[in-house]
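Engineer: This is the structure I have questions about; it appears just below.
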Amino acid sequence: MAVIGAGLIGCGVAYELAKRGCAVSVYDRAEPARAASWAGAGMLAPYSEATDDDAMLALCREALAVYPAFVEELRERVGVDAHFGRAGALHVALDASRFFELATRADAYREAGAVVRVLDRAETLAREPLVARDVVGSLLIEDEAQIDNRRLGRALVAACEALGVHFKRVDDVVIEADARRVRGLRTARGFVSASVIVNAAGAWAGELAGVPDAARVPVRPIAGEMVALAIPNGAMRANVWLGHRYLVPRKDGRLLIGATMEERGYNTRVTAGGVYAMLDAALTVAPALAGSAVVETWAGLRCPVRRIHGPIWAEPCSTGTSSPQDTFEMVSFSRRLPRN
Ligand SMILES: Cc1cc2nc3c(=O)[nH]c(=O)nc-3n(C[C@H](O)[C@H](O)[C@H](O)COP(=O)(O)OP(=O)(O)OC[C@H]3O[C@@H](n4cnc5c(N)ncnc54)[C@H](O)[C@@H]3O)c2cc1C
């Protein structure tokens, strides 16, 4: 089987297939796990993502439930700990109307299955002392979590290699398919036959050469910029949200601040405006961060789906014939909202 794209999705698929005894090759034109999978904030936030798609929410909730065991399994196999942590998500209100809005949302989150608490000012500050002293209150989603996505990428690549997955660096991959089914892929090194090809090319998935129109994925890139500050280890515990901006503490002493959202093609520059907007939000929610060193800035490309809003489930894309074998099985992973 062939997987195109060695991000967390492609490596995750390859890992699970290899565990089940499949021979898998992963093709990427760049370093594995260095695109969006490296750029992300690593929040595991099914509720904060505010999806209104029940199936997507259920999938994210189930994924969150199995994450600790998945991370532990990888740590045991290859010795790389992806730092799963469940310190919750704290949505902060700096004025009374926002606090009312957050408190009103609590019941909806509970109905969706979340463990939620509404905290007053004193409780909020006791939980996160870096938060602004004039905070009015907050909404704590206790069961949201985070991983270190860069470490997870390293762990997955190593685990794949240990299982015999071949990583192939290629410049141009062209899918070869006839009107009935996929036949394989062509690279500068020649043709490789494959009966199943997984398109895990992230923000580029819609542009993969040779994909038949019926199986083309309608994604477009949405750039996201991030900033990291150095803070004393443990100074912040939860993922702290102010509106759609968030602060994510890492175990290595970095505090990630994210993220911008901009449609500007495949451009991953970090801009003055983006950095300003994120630092502004961070210093509003936690003014004490003003003296912190800026240690890193970066940007990556998310891949929300164009027209079809939501994950594209494993629906066969018919190419005009009726037998199940005459279809392109397509599973594409994307996001209801290009939120993080
Ligand atoms: C700033 C930012 C913050 C985010 N925060 C979060 C968060 O907190 N929580 C969360 O769940 N998600 C978050 N995300 C989203 C998350 O990072 C992505 O959904 C996830 O990493 C996508 O993984 P992927 O494997 O699909 O894509 P990628 O990691 O982008 O991998 C795609 C791979 O395909 C390769 N490729 C593309 N085209 C070709 C081709 N033609 N031939 C060969 N190789 C090709 C690329 O080189 C790349 O390696 C964030 C994203 C960004 C940008």
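Engineer: Would a scan of region 227-234 turn up a residue that is in contact with a helix residue (DSSP H, G or I) (Cβ under 8 Å, 6 or more places away or on another chain), of a type in the set (A, V, I, L, M) and within 15 Å of the ligand (Cβ to nearest atom)?
Structural biologist: Yes.
Engineer: For the list (1) surrounded by fewer than 17 Cβ atoms within 10 Å (Cβ to Cβ); (2) not in a loop (DSSP other than H, G, I, E, B), I need the number of the one condition that Ala30 fails.
Structural biologist: For Ala30, the failing item is (2).
Engineer: Now for a separate question. Test each condition in (1) over 18 Å from the mean Cα position of the chain (by Cα); (2) farther than 20 Å from Asp28 by Cβ for Val182 and report the one that comes out false.
Structural biologist: Here Val182 meets the rest and fails (2).
Engineer: Restricting the first residue to region 151-176 and requiring it to be closer than 14 Å to Val26 by Cα, which pairs with a second residue that is among the charged types (D, E, K, R) and part of a helix (DSSP H, G or I) meet a Cβ separation below 6 Å and a spacing of at least six or different chains?
Structural biologist: Cβ pairs passing all conditions: Ala159/Arg77.
Engineer: Then there's this: If Ala93 satisfies every condition in (1) within 16 Å of Trp241 (Cβ to Cβ); (2) within 14 Å of the ligand (Cβ to nearest atom) but one, which is the exception?
Structural biologist: (2)
Residue by residue, here is whether (1) modelled with pLDDT under 95; (2) in a loop (DSSP other than H, G, I, E, B); (3) within 9 Å of the ligand (Cβ to nearest atom) holds:
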site: Gly12; (1), (2), (3): no, no, yes
site: Tyr15; (1), (2), (3): no, no, no
site: Ala18; (1), (2), (3): no, no, no
site: Gly21; (1), (2), (3): no, yes, no
site: Arg34; (1), (2), (3): no, yes, yes
site: Ser37; (1), (2), (3): no, no, yes
site: Ala41; (1), (2), (3): no, yes, yes
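Engineer: Condition first: surrounded by fewer than 18 Cβ atoms within 10 Å (Cβ to Cβ), among the acidic types (Asp, Glu) and out of contact with any Pro (no Cβ under 8 Å at 6 or more places or on another chain). Can you find one or more residues in region 178-187 that meet it?
Structural biologist: Taking every residue of region 178-187 in turn, at least one turns out to be surrounded by fewer than 18 Cβ atoms within 10 Å (Cβ to Cβ), among the acidic types (Asp, Glu) and out of contact with any Pro (no Cβ under 8 Å at 6 or more places or on another chain).
Engineer: Within region 95-111, can one find any residue that is more than 12 Å from Glu144 (Cα to Cα), surrounded by fewer than 19 Cβ atoms within 10 Å (Cβ to Cβ) and in contact with a helix residue (DSSP H, G or I) (Cβ under 8 Å, 6 or more places away or on another chain)?
Structural biologist: Checked region 95-111: no residue is more than 12 Å from Glu144 (Cα to Cα), surrounded by fewer than 19 Cβ atoms within 10 Å (Cβ to Cβ) and in contact with a helix residue (DSSP H, G or I) (Cβ under 8 Å, 6 or more places away or on another chain).
Engineer: Something else now. Which condition number in (1) assigned to a loop (DSSP other than H, G, I, E, B); (2) within 11 Å of the ligand (Cβ to nearest atom); (3) surrounded by fewer than 20 Cβ atoms within 10 Å (Cβ to Cβ); (4) at pLDDT 95 or above is the one that Glu49 fails?
Structural biologist: (4)
Engineer: If I filter region 140-168 down to residues being in a strand (DSSP E or B) and within 23 Å of the chain's Cα centre (by Cα), which single residue comes out as surrounded by the fewest Cβ atoms within 10 Å (Cβ to Cβ)?
Structural biologist: Phe167
Engineer: Next up: Taking Val66, is it part of a loop (DSSP other than H, G, I, E, B), away from the ligand (no atom under 11 Å from the Cβ), of a type in the set (Val, Ile, Thr) and surrounded by fewer than 21 Cβ atoms within 10 Å (Cβ to Cβ)?
Structural biologist: It is false that Val66 is part of a loop (DSSP other than H, G, I, E, B), away from the ligand (no atom under 11 Å from the Cβ), of a type in the set (Val, Ile, Thr) and surrounded by fewer than 21 Cβ atoms within 10 Å (Cβ to Cβ).
Here is a yes/no grid of residues against (1) hydroxyl-bearing (Ser, Thr, Tyr); (2) within 15 Å of the ligand (Cβ to nearest atom); (3) at pLDDT below 95; (4) under 29 Å from Ile197 (Cβ atoms):
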site	(1), (2), (3), (4)
Gly7	no, yes, no, yes
Val26	no, yes, no, yes
Val78	no, no, no, yes
Gly88	no, yes, no, no
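Engineer: Any idea which of (1) more than 13 Å from the ligand (Cβ to nearest atom); (2) in a loop (DSSP other than H, G, I, E, B); (3) farther than 23 Å from Gly85 by Cα is the one Val270 doesn't satisfy?
Structural biologist: (1)
Engineer: Can you report the number of residues in region 188-221 which are in a strand (DSSP E or B), surrounded by 20 or more Cβ atoms within 10 Å (Cβ to Cβ) and at pLDDT 90 or above?
Structural biologist: Of the residues in that region, 3 qualify.
The values are calculated or read from the model by the stated rules, or taken from the named source; none is laboratory data. Keep in mind it's a predicted model, so treat the numbers as computed, not measured. Here the Cβ is made from the backbone with ideal geometry for all residues, glycine too, and neighbour counts use every protein chain on show.
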